[in-house]
Amino acid sequence: QVQLVESGGGLVQPGGSLRLSCAASGSIFSIYAMSWYRQAPGKQHELVAAITTGGSTNYADSVKGRFTISKDNAKNTVYLQMNSLKPEDTAVYYCKGSLGRTHYWGQGTQVTVSS
């Protein structure tokens, strides 16, 4: 059983930055694709960013140029660097690990962008 634990969320002013971390219970990043999703109140789950085992990345159009996903295999941690944050980025952010039909989710971390 893989466990994913997110951290790094909080309250930030518009234009500010946060870095989210997702720590895995085991060495999974060499075989699992990792991604970040978010869900705002009253809205559907949204894919924010993803990174493959080989390090290829893709992003939602709404965050391109502002967010960066990365991973440190040695630390079993995936990151989401979020810059130039906007109020519409406010949501609970979730980390997900995927291998075929197997998916693991973290518990989520709240990000609130407000002045």
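Points to keep in mind about this one:
- Within segment 93-115, tally of residues that are touching a residue at least 40 places away in the same chain (Cβ under 8 Å) and part of a loop (DSSP other than H, G, I, E, B): 5
- Any hit, segment 65-80, residues being modelled with pLDDT of 95 or more, β-branched (V, I, T), within 15 Å of G10 (Cα to Cα) and out of contact with any Phe, Trp or Tyr (no Cβ under 6 Å at 6 or more places or on another chain): no
- Test result for G16, assigned to a loop (DSSP other than H, G, I, E, B) and exposed (fewer than 12 other Cβ atoms within 10 Å of the Cβ): no
- A50 vs. criteria under 17 Å from P87 (Cα atoms) and at pLDDT 95 or above: no
- Residue within segment 39-51 that is open to solvent by less than 60 Å² (accessible area, probe 1.4 Å) and assigned to a loop (DSSP other than H, G, I, E, B) present: yes
- Looking only at residues of segment 53-63 that are closer than 15 Å to M82 by Cα and in a loop (DSSP other than H, G, I, E, B), we find that the one that is least open to solvent (accessible area, probe 1.4 Å) is V63.
- Annotation note: of T68, T90, the sole residue that is open to solvent by 60 Å² or more (accessible area, probe 1.4 Å), touching a residue at least 12 places away in the same chain (Cβ under 8 Å) and of a type outside the set (D, E) is T68.
- Residues within segment 24-39 that are hydrophobic (A, V, I, L, M, F, W, C), more than 13 Å from T52 (Cβ to Cβ) and either at pLDDT 95 or above or touching a helix residue (DSSP H, G or I) at 6+ places or on another chain (Cβ under 7 Å) (or both), tallied: 1
- Residue match in segment 93-104 (condition: modelled with pLDDT of 95 or more, loosely packed, with under 14 Cβ neighbours inside 10 Å and of a type outside the set (G, A, S)): no
The values are calculated or read from the model by the stated rules, or taken from the named source; none is laboratory data. What you see is a predicted model; the values in this text were computed from it and never measured. Note: ideal-geometry Cβ built from the backbone for every residue, glycine included; neighbour counts use all protein chains shown. With ligands, DNA and RNA removed, areas are computed over all heavy atoms of the protein, side chains included. Shrake-Rupley method; radii C 1.70, N 1.55, O 1.52, S 1.80 Å.
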